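This report concerns only the one structure given below.
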Amino acid sequence: GNLAGHPAVLWYGGKLAAALLVAGSAVFVFLAALLFVRSRQALLIALAYGLGTCVWSISSQALWQHGPNAFFLAMGSYFFLRHQQQRRFAVLSGLAFSGAVCCRPSSAVMVAIIGLFLLLTQRRALVRFVAGGLPLAVLQLVYNLHHFGSVLTTGQGLRGPSVALAKTGVAAVWQTPLWKGFLGLMISPSRGLLVFSPFLVFALWGIVRIWRQGEKAAGLQVLSLGMASLLLMQFKWFDWWGGYTYGYRPIVDAMPLLALFLVAVIDQVGRSFVLRGLFGLFLGWAIVVQLIGAFAYNERDWNT
């Protein structure tokens with residue numbers, strides 16, 4: 001019936017769907033990590049992602065775009081990392097990433113970067129990747145044409161300038177200075193990634209190590225470029241703080257990708273008493289912070 005007349009069904013049904021999708025994204029983070037590290041290490045990475053990032057306090061709490069987008073980004077990344085083993089994985093990767101774009105158009109940068117990589121290195125895989133993504137892409141384009149009058153117009157894109165004008169007095173959607181968005185979403189007290197999930201500093205270290213490994217880490221290098229593009233877009237977005245929220249909502253969709261880069265350092269962390277202690281301390285802090293967000297967050301008081 002009319003869901004507006006049944007708010008409990010609307011809210012708890014949405015929360016259940018969002019929580020299942022976020023849990024599913026953690027499964028794909030585990031499977032992707034398992035391609036590079038032992039099962040216990042992969043499980044630690046998946047648990048750290050699920051309990052220590054804002055996918056718990058934000059993405060799993062209600063059916064926003066974030067939960068489905070994170071699920072499809074994690075799925076697409078896993079199949080992309082396996083596409084050289086079996087042909088069907090390239091198809092499944094394209095299908096998953098197209099699902100991410102349907103949820104959140106900004107995810108198209110992942111498709112573009114992976115597509116360019118496959119164009120330069122594995123053109124047959126590119127054909128399979130495109131074929132996998134084509135059905136959902138066509139449906140989305142038809143949807144856009146029907147509802148918005150143009151295949152390239154999305155609901156988010158249509159609303160962006162008017163919301164930007166209302167919030168900032170300027171209609172431009174890419175108006176935030178890059179340095180401000182970067183500092184705001186990385187280290188500010190109420191939005192900073194390294195405040196809410198400080199253990200992810202190890203993932204940033206992992207990206208550096210991945211790029212030092214050369215071609216053998218090409219898959220992870222491509223994913224790191226895609227993730228960086230997602231972050232840069234949000235740093236420039238007019239609403240870099242993400243409205244009323246708890247933590248780094250604008251970049252929360254990139255967390256499955258960022259957590260995955262822990263695979264490059266998890267061995268070294270485990271061998272060092274100091275690094276192991278720091279990782280445990282940072283992760284423990286992050287889990288407590290996410291607990292507060294999931295169970296005690298009061299939207300109006302916190303943001304005021």
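Summing +1 for each Lys or Arg and -1 for each Asp or Glu, what net charge is found among the other residues whose Cβ lies under 14 Å from the Cβ of residue 88?
Around residue 88, the surrounding residues sum to +4.
How do the peptides 256-268, 153-165, 292-304, 240-252 rank, highest first, by the average count of neighbouring beta carbon atoms within 10 Å per residue?
Highest mean packing first, the order is 256-268, 240-252, 153-165, 292-304.
What FRET efficiency do you get for residue 295 and residue 8 if R0 is 25 Å and r is their Cβ-Cβ distance, rounded to the nearest 0.05?
So, using R0 = 25 Å, E works out to roughly 0.85.
Which one of 230, 279, 248 is farthest out on the positive end of the charge dipole of region 229-304, using unit charges on Cβ (Lys, Arg +1; Asp, Glu -1) and the Cα centre as origin?
It is 279, whose Cα lies furthest towards the positive end.
Given charges of +1 on the Cβ of Lys and Arg and -1 on the Cβ of Asp and Glu, with all other atoms neutral, how large is the dipole of region 179-304 about its Cα centre, in debye to the nearest 20?
300 debye
In region 1-127, what is the volume of the convex hull around the alpha carbon atoms, normalised per residue and reported in Å³?
119 Å³
Under unit Cβ charges (Lys, Arg +1; Asp, Glu -1), what dipole magnitude, rounded to 20 debye, does region 19-165 have relative to its Cα centre?
Value, rounded to 20: 460 debye.
Compute the relative contact order of the chain as a whole-number percentage, counting only Cα pairs closer than 8 Å that sit 6 or more residues apart in sequence.
23 percent
What does the accessible area per residue of the chain come to in Å², with a 1.4 Å probe and no ligands, DNA or RNA counted?
49 Å²
Measure off 7 Å from each Cα along the Cα-to-Cβ vector at residue 47 and residue 142, then give the distance between these two points in nanometres to one decimal.
The answer from the label model is 4.6 nm.
Please state, to two decimals, what the Cα-based radius of gyration of region 116-206 comes to when divided by 2.2 N^0.38 Å (N = residues).
Here the Cα radius of gyration is 1.59 times the empirical estimate.
Less than 15 Å Cβ to Cβ from residue 226, Lys/Arg counted +1 and Asp/Glu -1: what total charge do the surrounding residues give?
Overall, the nearby charge balance is 0.
Go ahead and run the numbers for FRET between residue 40 and residue 272, Cβ-Cβ distance against an R0 of 25 Å, rounding to 0.05.
Here the calculated transfer efficiency is 0.90.
Place a point 7 Å from Cα of residue 127 in the direction of its Cβ. Which residues in region 72-92 have their backbone N less than 15 Å from it?
Backbone N within reach: 87-88, 90-91.
With an 8 Å cut-off on Cα pairs and a minimum separation of 6 or more residues, tell me the relative contact order of region 172-267 in percent.
42 percent
Roughly speaking, what % of Cα-Cα pairs in the chain are separated by over 31 Å, rounded to a whole number?
Summing the P(r) of the chain above 31 Å gives 29 percent of all pairs.
Per-residue ellipticity at 222 nm for the chain, helices alone: DSSP H runs ≥ 4 residues times -39500 (n - 2.57), over residue total, nearest 500 deg cm²/dmol?
Mean residue ellipticity, 222 nm, calculated: -22500 deg cm²/dmol.
Separation of region 240-297 and region 57-124 by C-alpha centroid, Å?
Here the two parts' Cα centres lie 22 Å apart.
Mind checking which of 67, 21, 202 is farthest towards the positive end of the chain's charge dipole, using Cβ charges of +1 (Lys, Arg) and -1 (Asp, Glu) about the Cα centre?
The Cα lying farthest towards the positive end belongs to 202.
When we measure straight from the Cα of residue 236, which aspartates and glutamates land under 19 angstrom away, once same-chain ones fewer than 8 places off are left out?
Straight-distance partners of residue 236: 253.
So, with a 1.4 angstrom probe, what is the percent of accessible area on the chain that is carbon and sulfur?
The value for the chain is 69 percent carbon and sulfur by accessible area.
Give me the aspartates and glutamates in straight-line cross-link reach of residue 180: C-alpha distance below 17 Å, same-chain residues under 8 apart excluded.
239
The values are calculated or read from the model by the stated rules, or taken from the named source; none is laboratory data. Everything numeric here is computed off the predicted structure, so don't read it as measured data. Here the Cβ is made from the backbone with ideal geometry for all residues, glycine too, and neighbour counts use every protein chain on show. Surface areas here come from the heavy atoms of the whole protein model, side chains and all, with no ligands, DNA or RNA. Shrake-Rupley method; radii C 1.70, N 1.55, O 1.52, S 1.80 Å.
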